[in-house]
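Student: Take this structure, written in structure tokens, and hold onto it; I'll ask about it next.
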Amino acid sequence: MKTKQISSTLLACLGVNGIRPVLPVTFQDRKISGCARLRKTAAGMKTVFLAFALAVGAACTATAAPLTINTGTSWLATNALPVSTWNTDPLFNTTGWINAVDQLRPECAIAPCIWYDGQFSSTQFVWLRKTFTLSDPVSTAFLNGGADDDALVYLNGTLVVNDSDGFATGFGPLDVAALLVQGVNLIAVAASDNFAVFGQNHAFLASLEIQTATQQVPEPASLALLGIGLAGLAGMRRRKT
Ligand SMILES: [Ca+2]
Ligand SMILES: [Ca+2]
């Protein structure tokens, strides 16, 4: 429909001072039908604009990607039995601990395999720690990993993995969301190796995937689709009535 036609139809719909203009009977039905269509179109456009406004508004509240804590050289390690609270206190004094060694083993796919020193060494035991801060409440958290050969894994002091079968084994996924807190958290590991083949062939690896509550805000694209869907539903309802 051309602009001139729309304008004249609009004026005809509005009439002078809001009074519907008197039209020849033969044309009145067509004109009224045209007015109803225009009102439907205007209402539909209003709904679409509202949906997009909501989508754009929500885009401003989008937050960071989920956080993953992997084993790596930022973890601290010692091969001397630490005093108690090493696995419960995030502020434990780690003087004398060193950065864990990444063994660069290709089979450690989900996260680097770490130890106190290299893969083929005489070190049988290792204690490992990593602290990390969560700025939002935890929504979901899953822990996966493995040890060559055994490991005790603690999250904020709670034992979550008790692997003592004497062989290289994996663990997870373990739902550990209830153990994490908003603020500083601690994952602590006591690992051991059992077979002195080519030296102690040992490793520990872990991957902790965390989703916080504010990160579950729907993405702008999803919201826009939802908005368009709502607009479509509104349009369908109007067409039915
Ligand atoms: Ca094991
Ligand atoms: Ca081993």
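Bear in mind these aren't lab numbers, they're just calculated from the coordinates by the rules spelled out. Treat the numbers as computed from the prediction; the structure is a model and nothing was measured. Quick reminder, even Gly has a Cβ in these numbers, built from the backbone with ideal geometry, and neighbours come from all protein chains shown.
Student: Which three semi-axes in whole Å describe the equivalent ellipsoid of region 64-191, each the square root of 5 times a Cα gyration tensor eigenvalue, listed largest first?
Tutor: 22, 17, 14
Student: Give me TYR154, TYR116 ranked fewest to most by other Cβ atoms within 10 Å of their Cβ, as a rough exposure proxy. Present the calculation step by step, with values, prior to reporting the outcome.
Tutor: Numbers: TYR154 19, TYR116 22.
By the 10 Å Cβ count, ascending, the order reads TYR154, TYR116.
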